[in-house]
Amino acid sequence: MNTRKLVFLSLLVALGTALHVLEAMLPNPLPFPGVKLGLANVVTLLALYLFGFRSGLAVAVLRVLTGSLLSGTIFSITFMMSLSGAVLSTIVMACLFRRSESFSILGVSMAGAVMHNIGQLLLASYLIETRGVFYYLPVLIIVGLPTGFLTGYISRLLIRRLKEYVR
Amino acid sequence: MMTGRRRLASAALLAAAVMLIFAALLLERPREYSGEEFLMDTLVSIRVYGSDVEKLKKATELAFVEMRRIEDISDRFAEPGTAAYSASDVCRINEKAGQEPVAVSSDVFRMLELSQEYFRLTKGAFDVTIGPVADSWGFGRSQQGVPEKEQLEKARKLADNGALVLNASAQTVFLAKAGMKLDLGGVAKGYATERALEVLQEKGIEAALIDAGGNIRVLGSKDGKTPWKIGVRDPRDPSGLLATLDLTGGSCVTSGDYNRYFEADGTRYHHILSPYTGYPARENISVTVLTEDAAAADILSTALFVLKPQEALVLAEELEDTEAMLVTAQRDILMTSGLKNKAELLAGEGYSYDKSR
Amino acid sequence: MTRADKLLIAFILLIAVAGYFLVPLLSDEGLEKTNIIIKMKGQVVKTVPIEENKKSAFTLRGDKGPFTVEVDGGRVRMVESTCPDKICVKRGWISNPGETIICVPYEVIIYFDARSPVDAVTG
């Protein structure tokens, strides 16, 4: 790993953390758990597209870790849910990314957002020992589409500008 | 090959047959009829099961009539000079305390016989002559308060089961000392419930559940085999359950310190007074008794509540066809051995129980 | 957006709609409503028998604060909670077996017990 990459990834993690903490402070207006704008996922996408799967995964995990640390939710259920959501979504996004001739970053991002929510519910149902959480599944899936679109759009703009600086 | 007309006829016949079978099944379908009335200071619900709704309804009505009758003859708070007063055997007995024996109905006589039997059996833990003591606390009336020591001592002297004289041949009752008062509060509800069940049985009912403010009496079963599931209220959390019990027949009565009480100077004084001390019994907070007869269950739940937990448990184990569950003041849950398979304890915070089964 | 993207969106929407109908079927459905169970951190902390026309309300302590539950006959809801998002409160009343109220941060679930009902309550 060269220094440039290290610095870049660290910056992404820092940015993601800031976004994570910010979003955690916003109250949830809807009666559904885990509905977020997901802006912090932008950094995951950037890392994924600019540096590859392992970097993407690393950034995602580190972002959740430090983000939860700073917002006081570390090692709580919320943290576990975020982590599982982030990991699952990164893996899925990487898979789609490999075939990126077919999918644009928008599609990848939307899939990622949906998988993030599913991942969160899966873990919640396991930890709280109930299948009742899946009551929220359809809504969360649908909500994942616009938030994913937004994240993807922003990421696309940023990637165009950042591409040169990374090589 | 059937002709068109034949086909029509067969189809019509078939349809008619199906409808007849359907109707027959519908009529025979087990139904539930339930009635509720406010009696003896509590809500009494009678649920009967059978196929003939008219029969169920009639039986339930008669059962309530019987319960009212028992209520009337055992009511000790009727106003003097009213019809209710002269209809109440207990009022008449109390009026003639220290004077002369009073002829009473066979029901009141039976209740008193039973009470004396259990007075002996429980070594005084259940005593219907506790009336004066209950009065000094004000239970049953509107003004309740802690009595003065002198007043209580005077009242206690009048609580003397030995001075309750029953004459079986004449069916009379005599309170030997003036000022003595009978209080059938610990047996009347159970007795009334048992009588009500007898009425239902006489009317051909095969499955029923009577719930007289927590005094449960069951008959048969809803589907012919499943036992009734009775929930036991959590004494310190009245909206929750402590346990569920399987009842295949008979009665289930609970005495608790949380239903009737008053508070004075930060202490709670409940209505189950110990004949030994004259004060509310503090050994247990809830006692549930299961046995066939509802009157016996009512008496025993009060008696066991007053006794020390270990004594109560031993007594319950000795009695035939009787099971009990006690929740002590220390929040320990004790059960007779026969109950362990029929009870399911639900989580209650702060309770401890013997988990060895 | 590419064609594949659009197909993906359609696929996801399909799953969501299917889920909407399938999820209720998957949950534990008893035929009768029985007791209301409140579990906190995996332990049952309260069992409320369903008694028609009986209303009750009580407050329990969650991890970082109290929450209040109200029972009205065969339905239940979270009246108030000190949890941050109050999704459990916004859930409103539940009355069918299989429905649940969940408060994720406090690890609280409220659901209907699918065992045989209590016929009467003594005490």
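Quick notes on this structure:
- Filter pass, B:SER74 being of a type in the set (Gly, Ala, Ser), in contact with a Leu (Cβ under 6 Å, 6 or more places away or on another chain) and at pLDDT 95 or above: yes
- Any hit, the stretch B:58-71, residues being touching an Asp or Glu at 6+ places or on another chain (Cβ under 6 Å) and over 26 Å from B:VAL218 (Cβ atoms): no
- Every residue from the stretch B:185-223 that is away from chain C (no Cβ under 12 Å) and not in a helix (DSSP H, G or I): B:GLY185, B:GLY186, B:VAL187, B:LYS203, B:GLY204, B:ILE205, B:GLU206, B:LEU219, B:GLY220
- Residues (open to solvent by less than 30 Å² (accessible area, probe 1.4 Å) and either within 13 Å of B:ASP237 (Cβ to Cβ) or not assigned by TED's automatic domain parsing to the domain that holds C:ILE102 (or both)) located in the stretch C:57-77: C:PHE58, C:LEU60, C:VAL69, C:VAL71
- Apart from one condition, A:TYR153 fits all of (1) surrounded by 18 or more Cβ atoms within 10 Å (Cβ to Cβ); (2) within 12 Å of chain C (Cβ to nearest Cβ); (3) touching a Leu at 6+ places or on another chain (Cβ under 7 Å); (4) not β-branched (Val, Ile, Thr); the exception is (1).
- Every test in (1) at the interface with chain A (Cβ under 9 Å from one of its Cβ atoms); (2) in contact (Cβ under 8 Å) with a residue 40 or more places away in the chain is passed by C:GLU51 save one, and that test is (1).
- Filtered residues of the stretch A:123-150 (kept if within 7 Å of chain C (Cβ to nearest Cβ) and part of a helix (DSSP H, G or I)): A:ALA124, A:GLY132, A:VAL133, A:PHE134, A:TYR135, A:LEU137, A:PRO138, A:ILE141, A:ILE142, A:LEU145
- Within the set B:GLN116, B:GLN99, the sole residue that is surrounded by fewer than 21 Cβ atoms within 10 Å (Cβ to Cβ) and part of a loop (DSSP other than H, G, I, E, B) turns out to be B:GLN99.
- Each residue in the stretch B:110-156 was checked for being polar (S, T, N, Q) and closer than 28 Å to B:ALA316 by Cβ, and 4 pass.
- Just one of the listed residues (B:LEU290, B:LEU313) is open to solvent by 10 Å² or more (accessible area, probe 1.4 Å), in contact with an Asp or Glu (Cβ under 7 Å, 6 or more places away or on another chain) and not in a loop (DSSP other than H, G, I, E, B), and it is B:LEU290.
- Only one of the numbered conditions (1) farther than 30 Å from C:ASP72 by Cα; (2) open to solvent by 10 Å² or more (accessible area, probe 1.4 Å); (3) assigned to a loop (DSSP other than H, G, I, E, B) is not met by B:THR226, and that is (1).
- Against the list (1) farther than 25 Å from B:SER255 by Cβ; (2) among the aliphatic types (A, V, I, L, M); (3) open to solvent by less than 40 Å² (accessible area, probe 1.4 Å), the condition B:VAL165 fails is (3).
The values are calculated or read from the model by the stated rules, or taken from the named source; none is laboratory data. The structure displayed is predicted, hence computed values, not measured ones. When we count neighbours, we look across all protein chains shown, and the Cβ atoms used for this are built from the backbone with ideal geometry, even at glycine. The accessibility values were calculated without ligands, DNA or RNA, using every heavy atom of the protein model including side chains. Shrake-Rupley method; radii C 1.70, N 1.55, O 1.52, S 1.80 Å.
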